[in-house]
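The block underneath contains the structure these notes are about, expressed in structure tokens.
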Amino acid sequence: MSTSTSSNENAIATPVGITLERYIMRKQSEFPFATGELSQLLRDIALAGKIVNREINRAGLMDIAGSFGSQNIQGEQQQKLDVVANIRFIRALKNGGEACAILSEEDDEIIQTGNDKGRYVVAMDPMDGSSNIDVNVSIGTIFSIYRRVTPVGTPATKEDFLQGGRKQVAAGYILYGSSTMLVYTTGHGVACFTYENSLGEFFLSHSDIKIPQDGTIFSCNEGNWFDYPEWVQGYLTECKRKRFSGRYIGSLVADYHRNLLKGGIYLYPPTAKNTSGKLRLLYEGYPLAFVIEQAGGRAMAGTEAILDIVPIDCHQRTPLYIGSADMVEEMMSHATAAEPVGR
Ligand code: P6P
């Protein structure tokens, strides 16, 4: 029986591709000292993503859309899907055993998983942009993983989460859109996996993603125009003068993912309502900045790189300017030319 498949055989039975599981195992084998704990953690996140994906697909049929009737730490109305996704990810990470604690946008305090022997902690936004679920717009989960700094065998503390963006060992997101995709990095490039519902598996669809060096798409909520710093207005005016395209879905992961593949810049500057920016540093800014830098892009909070910000609080917010390197640099030239920029 020949082991190699002829082109005819391939034509009638095209290979299904590399599963996330096989990819993780291959990557783990490249690091002889890897213990498999981080691999298992990534599997646990992927499993929770599959379960949430199923909940989302049923959202229209089940009473899971809409608000839950409570608020999160940021005083934002929690959507039912926020709460469901939070429960699913916490449960998957607790059962997986590798994470000793979780920081979630949906919970004021860090969540002890009971796995005090776990060597990792996970910061996450379990469901970003969840209010879009009611109108069938793409939404996403964002995650960030650190090796703990407190002693193994003891409960984790905030210190484990306040290590700074460059201490992340892995980060990524799951985009629940027309197809569900898992994108992540462990510091060795960015890989994207597409979920095949009929097989219940994520398959490698983009290996080693690189964001286009430059782009012609800007993503921001122009309703906040009169709150924007003058240098941001100047940059956006320049984009319009060049007839760039404005694309704003109002769902960070969706806007980010489009820009990652096509080139572009996403901006959430400070506003009157959110004077430090709206997005959260630990579970939105840092993980997306880690991925974008691994893909050759840039992420700034102003004149400071997102990953260089020294964190003070687990739920602190940050301005976010992230995307193609040349676009971010052009934007920063407006900042340095116009006025000294805070942070
Ligand atoms: P605005 C969703 O609430 C979110 O956190 C991001 O997903 C999105 O990009 C942004 O806020 C939208 O905020 O103020 O433009 O509605």
**Study point:** Accessible area per residue, Å², the chain with all protein chains present, probe 1.4 Å
**Key:** 44 Å²
Exercise for review: Using only the alpha-carbon atoms of the chain, report the extent along each of the three principal axes, biggest first, to the nearest angstrom.
Suggested key: 69, 54, 46
Study note, to complete from the structure: Residues whose modelled amide H sits under 5 Å from the amide H of GLY277, counting only those 5 or more places away in sequence or on another chain, are THR271
Practice item. Can you send over the carbon and sulfur percentage of the accessible area for the chain, probe radius 1.4 Å, protein chains only? Key: 50 percent
Practice item. Starting at the first residue of the range 125-132, write each ³J(HN,Hα) from the Karplus equation 6.51 cos²θ - 1.76 cosθ + 1.60 with θ = phi - 60°, in whole Hz, x for Gly and Pro. Key: 10, x, 8, 8, x, 4, 5, 6
Check your understanding: Using bins 10 angstrom wide from zero, how does P(r) for the range 193-301 break down, in % of all Cα pairs?
Key -> 13, 40, 33, 11, 3, 0
**Study point:** Rounded to whole Å, sorted largest first: equivalent-ellipsoid semi-axes of the range 143-195, Cα gyration tensor
**Key:** 28, 12, 9
Review point. Size of the dipole of the range 106-219 about the Cα centre, Lys and Arg at +1 and Asp and Glu at -1 on the beta carbon, nothing else charged, in debye to 20?
Key: 580 debye
Revision key, fill the gap. quick note, the chain, DSSP beta bridge pairs, % antiparallel (nearest 5) is 85 percent
Check your understanding: Under 18 Å Cα-Cα from LYS50, which lysines qualify once same-chain neighbours fewer than 8 residues away are excluded?
Key -> LYS80, LYS94
Exercise for review: Take the cross-link list LYS167/LYS262; LYS117/LYS158; LYS242/LYS273 and give me the ones stretching past 21 Å between alpha-carbons.
Suggested key: LYS167/LYS262; LYS242/LYS273
Exercise for review: Compute log10 of I(q)/I(0) for the range 20-206 with the Debye formula, placing one identical point scatterer on every Cα and leaving out solvent, at q = 0.09, 0.13, 0.16, 0.20 Å⁻¹, to two decimals.
Suggested key: -0.31, -0.66, -1.00, -1.45
Practice item. With runs of 4+ DSSP H residues as the only contributors, calculate the mean residue ellipticity of the chain at 222 nm using -39,500 (n - 2.57) per run, divided by the residue total and rounded to the nearest 500. Key: -9500 deg cm²/dmol
Exercise for review: In debye, nearest 20, what is the charge dipole magnitude of the range 128-184 about its Cα centre with +1 on Lys and Arg Cβ and -1 on Asp and Glu Cβ, if you could check?
Suggested key: 340 debye
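The values are calculated or read from the model by the stated rules, or taken from the named source; none is laboratory data. Quantities reported herein were computed from a predicted structural model and do not represent experimental measurements. Using ideal geometry, Cβ is built from the backbone for each residue, glycine included, and neighbour counts are taken over all protein chains shown. These area figures cover heavy atoms from the full protein model, side chains too; ligands, DNA and RNA do not enter into them. Shrake-Rupley method; radii C 1.70, N 1.55, O 1.52, S 1.80 Å.
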